[in-house]
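All of the numbers you see were taken from the coordinates with simple rules; none came from a lab. Remember, predicted model here, so these are calculated numbers, not experimental data. Ideal geometry is used to build each Cβ from the backbone, glycine not excepted, and the neighbour counts take in all protein chains shown.
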Amino acid sequence: METNCVKQPVIKNENYIVYVEMVQGLTFIHMDVFKWNKSIKKEFVKTWKEWAGKHKPLYAMPFIDDEKMHKWSIITGFELLQYQKCLDGITRKLYIWR
């Protein structure tokens, strides 16, 4: 997917930042994590559900698809939608949250 868009922070604190980016009319989620533990996870899940429930559908396409991404998709409720071949020739997983 091509994008010349800018990531906009929508959930921000000292432990993590969640961004949105509009790509071809779809809202994609990005997240930077600075610190993570059980209490931060609990607070994040509550905040995420409140925010995301007002903004569906949401999409995610990780460039790094590892165990951390798998766990993140479970706690946020993202589901695998399809495999998408990207402009760089790499096929990545496209996730959706509805």
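Details
- This ranking places ILE40, ILE64 by how few other beta-carbon atoms lie within 10 Å of each, fewest first, which gives ILE64, ILE40.
- Amide H contacts under 5 Å for VAL23, placed H, 5+ residues apart: PHE28
- Distance between the modelled labels on THR47 and VAL10, one decimal in nanometres: 1.4 nm (7 Å Cα→Cβ projection).
- Its Cα gyration tensor gives the chain an equivalent ellipsoid. The semi-axes, each the square root of 5 times an eigenvalue, are 22, 15, 13 Å from largest down.
- Adding -39500 (n - 2.57) for every DSSP H run of four residues or longer, then dividing by how many residues the chain holds, sets the calculated 222 nm ellipticity at -8000 deg cm²/dmol.
- Theoretical FRET efficiency, 1/(1+(r/R0)^6), r = Cβ-Cβ of THR91 and SER39, R0 41 Å, to 0.05: 0.65
- Arranged from fewest to most other beta-carbon atoms within 10 Å of their beta carbon, SER39, SER73 become SER39, SER73.
- Among ARG92, ARG98, the ranking by other beta carbons within 10 Å of each residue's beta carbon, starting with the fewest, stands as ARG98, ARG92.
- Net length gained if the chain between GLU79 and ASP32 were fully extended (0.36 nm per residue, minus Cα distance): 14.9 nm
- Straight-line reach from LYS41: taking Cα to Cα under 23 Å and skipping same-chain neighbours fewer than 8 places apart, the lysines in range are LYS7, LYS12, LYS49, LYS54, LYS56, LYS68, LYS71.
- Sites listed here are trypsin sites (Lys or Arg not before Pro) in the stretch 1-75 whose DSSP assignment is loop and whose Cβ has at most 13 other Cβ atoms within 10 Å: LYS35, LYS54.
- For GluC sites (Glu not before Pro), the sites in the stretch 1-41 that DSSP calls loop and that have at most 13 other Cβ atoms within 10 Å are GLU2, GLU14.
- Charge tally around ILE40: other residues with Cβ under 12 Å, Lys/Arg +1 each, Asp/Glu -1 each, net +3.
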